[in-house]
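Below is one structure, written out as structure tokens; the observations come after it.
All of the numbers you see were taken from the coordinates with simple rules; none came from a lab. Please read all numbers here as calculations on a predicted model, not as lab measurements.
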Amino acid sequence: LRIARFNLTGKSKYNIFSNVIHLKLLTDNSLIYTSGRTGLEIFDGEMNLIQKPKALINSKITSIIPFDHDHIFIGTIGNGFQLLNKKDFSVNSFNTERNFIANDVYFAQIKDSLLWISTEKGLLALKHEALKHNRIQFSKSISDEFSSVKINFFQVTENAIWAITDYSIKIIPTSSAHNEVNPIFYYELIRPSTNPLNQIPKKKKKNSLQLK
């Protein structure tokens, strides 16, 4: 793979030759963020490698988008999503072990005040302002139809969400998105003490339990 920088006359000034396939690329404030099969590499404007965050070295990255003035959003397969600090390149992670309900992020987009994410739990919308302060607040979800379908790309418009899966293109009215304070989840085991609580009816797949 060759990455090159060109001046206004079209002449190439700096080049990178690499055997790594760069799958995602973002430019932000003269820095270039790229991902290969795993990991993240950050280059300056002269194509010098300046950082490879250790927290992401084994992550399979699916999304790199600007989040706010100080952070870059990084979506991954297997490790949820991260907010990368643009000043010191530290990472704040959100996954099933840390304040989130999903580990696989297929695509992400910021629309108005919401961060939309397609995951293995469906299409979710998080409040952007709350996430700036490391808090997860759900706004909307479309989980029933897409909990078992991988959404590779979507576009949120005023009245509809255009979603591309492995097998089809779907147009979803935004009015069908559920307003969520707490997202729908599926239980596997509830253990209030050392003994499992197993009296919940097995046929009831969804539940409205609130854990505090």
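On a 18 Å Cα-Cα criterion, which of the cross-link pairs LYS24/LYS121; LYS54/LYS150; LYS54/LYS111; LYS52/LYS127; LYS87/LYS111; LYS87/LYS132 come out too long? Checking Cα-Cα distances, LYS24/LYS121; LYS54/LYS150; LYS54/LYS111; LYS52/LYS127; LYS87/LYS111 exceed 18 Å.
For region 90-152, the pair-distance distribution built from all alpha carbon pairs, in bins 10 Å wide starting at 0, is 23, 56, 20, 1 percent. The convex hull around the C-alpha trace of region 43-103, projected and averaged over every direction, spans 4.5 square nanometres.
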